[in-house]
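Notes follow the structure.
The values are calculated or read from the model by the stated rules, or taken from the named source; none is laboratory data. Keep in mind that what you see is a predicted model, and the values were worked out from it rather than measured. All Cβ positions, glycine included, derive from the backbone under ideal geometry; neighbour counts span all protein chains shown.
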């Protein structure tokens, strides 16, 4: 039986679409009827070959032969019609297929709405929603959130506000998922004051923000240099027993390190460890970067050695930062040790990175240091003599 199911796929690989269609039509006579996977694969291949009408006719024919009206296959077929022929043709096909006992459900309509929204064809939404309601269905949270997300992506804030109002009127009040969509989009557009207003609105309506809500806001605040405000939120959450995760701390540790506030970053690091949250390679990498920015090379090397000790992933850029900082501070012997660790325990850095590193050291006036560093890299067969 499994062999019978696989045979149409063999024809697809050979580019013999007509043979695959014929075999699928004959499968039922052999006691091995086509399944959802067979139909889905056939539909996609037929549309790739421009056989749009043939695909719809083929599905109608299968329904008339008594095959189940597989909802997944039906939805995929309508999506393909919509993508290739437009939403009007898809809606016509939907009505046509209804005469053969194949009826859409809310998933089908939501899939079509998602598709046209991704393409920015907002004028077609009313047609699909109208079709949805004509079939005795009502939009659900997925429908509204899909529309909201599409408006937010385009920065259509007035329409987004209207959608929130409609949801409340339709007895589908906005959930944390709904508000997270809006907050995330506002943060991407750097409209942070309004994103914070939405957070307050959530709380006033009794809708509890989740960790996604707060992490989104924390990341946005750090990007616009509102780190102190972000710290206040983090500590407020921590003091109120909120379950923070590693990304919550990583966001602020990275922001503080980039700003040069490495001591505050270390305070957060110690807090997360005391709370039982295990730092990851992002945490350590941000701290190493922060130490290097302040030329605290001893601390940077210690942190790097800790990463090696616990077998933590170390990015090539982290090694490069430490080596550069050591060279700036005339710690060539230690820099060479770090190069050896990098080569022996981790993958070799690219020639371009190492060449840039040597040139950077030389450009800063430390030509002797650059020469010795180059010799070490040649010794480890990262650079060549003539490079």
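If you take the residues in segment 157-174 that are under 26 Å from the mean Cα position of the chain (by Cα) and surrounded by 15 or more Cβ atoms within 10 Å (Cβ to Cβ), which one is nearest to residue 207 (Cα to Cα)?
Here is the first cut: in segment 157-174, the ones under 26 Å from the mean Cα position of the chain (by Cα) are 157, 159-161, 163-164, 174.
Those left that are additionally surrounded by 15 or more Cβ atoms within 10 Å (Cβ to Cβ): 157, 159-160, 163-164, 174.
Working: 157: 21, 159: 21, 160: 18, 163: 17, 164: 14, 174: 8 Å.
Only one residue fits best here, namely 174.
For segment 10-44, what are the residues that are modelled with pLDDT under 70 and within 25 Å of residue 82 (Cβ to Cβ)?
The answer is 12, and nothing else.
Among the residues of segment 119-138, count how many are surrounded by 15 or more Cβ atoms within 10 Å (Cβ to Cβ) and over 29 Å from the mean Cα position of the chain (by Cα). Talk me through it step by step, then tell me what you get.
Just the residues of segment 119-138 that are surrounded by 15 or more Cβ atoms within 10 Å (Cβ to Cβ), to begin with: 121-122, 124-125, 127-129, 131-132, 135, 137.
Narrowing further to those that are over 29 Å from the mean Cα position of the chain (by Cα): 127, 131-132, 135, 137.
Within segment 119-138, residues that are surrounded by 15 or more Cβ atoms within 10 Å (Cβ to Cβ) and over 29 Å from the mean Cα position of the chain (by Cα) number 5.
State which residue pairs qualify: first residue surrounded by fewer than 22 Cβ atoms within 10 Å (Cβ to Cβ) and inside segment 33-48, second residue at pLDDT 90 or above and assigned to a loop (DSSP other than H, G, I, E, B) in any location, beta carbons under 6 Å apart, and separation of 6 or more residues or different chains.
36/70
Every residue in segment 296-320 that is closer than 12 Å to residue 357 by Cβ and surrounded by fewer than 21 Cβ atoms within 10 Å (Cβ to Cβ), please. If you could, list the steps in order and put the result at the bottom.
Initial filter on segment 296-320 (closer than 12 Å to residue 357 by Cβ): 316-317, 319-320.
Scanning segment 296-320 gives 316, 317, 320.
Being over 29 Å from residue 128 (Cβ atoms) and within 22 Å of the chain's Cα centre (by Cα) narrows it down to one residue among 227, 153, 247, 181; which is it? Steps first, answer last, please.
Details: 227 fails: within 22 Å of the chain's Cα centre (by Cα); 153 fails: over 29 Å from residue 128 (Cβ atoms); 181 fails: over 29 Å from residue 128 (Cβ atoms).
Unique residue meeting the criteria: 247.
Kindly provide the set of residues from segment 178-208 that are within 21 Å of residue 231 (Cβ to Cβ) and either in the same structural domain as residue 248 (by TED's automatic domain parsing) or surrounded by fewer than 16 Cβ atoms within 10 Å (Cβ to Cβ) (or both), ordered by number.
190, 193, 197, 200, 203 - these are the residues of segment 178-208 that are within 21 Å of residue 231 (Cβ to Cβ) and either in the same structural domain as residue 248 (by TED's automatic domain parsing) or surrounded by fewer than 16 Cβ atoms within 10 Å (Cβ to Cβ) (or both).
Here are some conditions: (1) closer than 30 Å to residue 154 by Cβ; (2) part of a helix (DSSP H, G or I). Residue 120 meets all but one. Which one does it not meet?
(2)
Working only within segment 341-355, note down all residues that are surrounded by fewer than 13 Cβ atoms within 10 Å (Cβ to Cβ) and part of a helix (DSSP H, G or I). Quick ask: steps written out before the conclusion?
Pass one, segment 341-355, residues surrounded by fewer than 13 Cβ atoms within 10 Å (Cβ to Cβ): 344-345, 347, 350, 352.
Passing the criteria: 344, 345, 352.
Answer with yes or no whether residue 114 is surrounded by 15 or more Cβ atoms within 10 Å (Cβ to Cβ), touching a residue at least 24 places away in the same chain (Cβ under 8 Å) and not assigned by TED's automatic domain parsing to the domain that holds residue 40.
Values: surrounded by 15 or more Cβ atoms within 10 Å (Cβ to Cβ): yes; touching a residue at least 24 places away in the same chain (Cβ under 8 Å): yes; not assigned by TED's automatic domain parsing to the domain that holds residue 40: no.
Spelling it out, it is not the case that residue 114 is surrounded by 15 or more Cβ atoms within 10 Å (Cβ to Cβ), touching a residue at least 24 places away in the same chain (Cβ under 8 Å) and not assigned by TED's automatic domain parsing to the domain that holds residue 40.
Residue-by-condition table, conditions (1) outside any helix (DSSP H, G or I); (2) over 26 Å from residue 29 (Cβ atoms):
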position	(1), (2)
57	no, no
63	no, no
74	no, no
82	no, yes
90	no, yes
93	no, yes
101	yes, no
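For segment 235-247, name all the residues that are closer than 15 Å to residue 265 by Cα and either modelled with pLDDT under 95 or touching a strand residue (DSSP E or B) at 6+ places or on another chain (Cβ under 7 Å) (or both).
Residues of segment 235-247 that are closer than 15 Å to residue 265 by Cα, as a first pass: 235, 246-247.
235, the sole residue that qualifies.
Of everything in segment 329-339 that's in contact with a helix residue (DSSP H, G or I) (Cβ under 8 Å, 6 or more places away or on another chain) and in a helix (DSSP H, G or I), which residue is nearest to residue 368 (Cα to Cα)? Don't jump to the end; show me each part of the working.
As a first pass, look at segment 329-339 and keep what is in contact with a helix residue (DSSP H, G or I) (Cβ under 8 Å, 6 or more places away or on another chain): 329-332, 334-336, 338-339.
Narrowing the set further to residues that are in a helix (DSSP H, G or I) leaves 332, 334-336, 338-339.
Numbers: 332: 10, 334: 15, 335: 14, 336: 14, 338: 18, 339: 17 Å.
Among residues in segment 329-339 that are in contact with a helix residue (DSSP H, G or I) (Cβ under 8 Å, 6 or more places away or on another chain) and in a helix (DSSP H, G or I), the one nearest to residue 368 (Cα to Cα) is 332.
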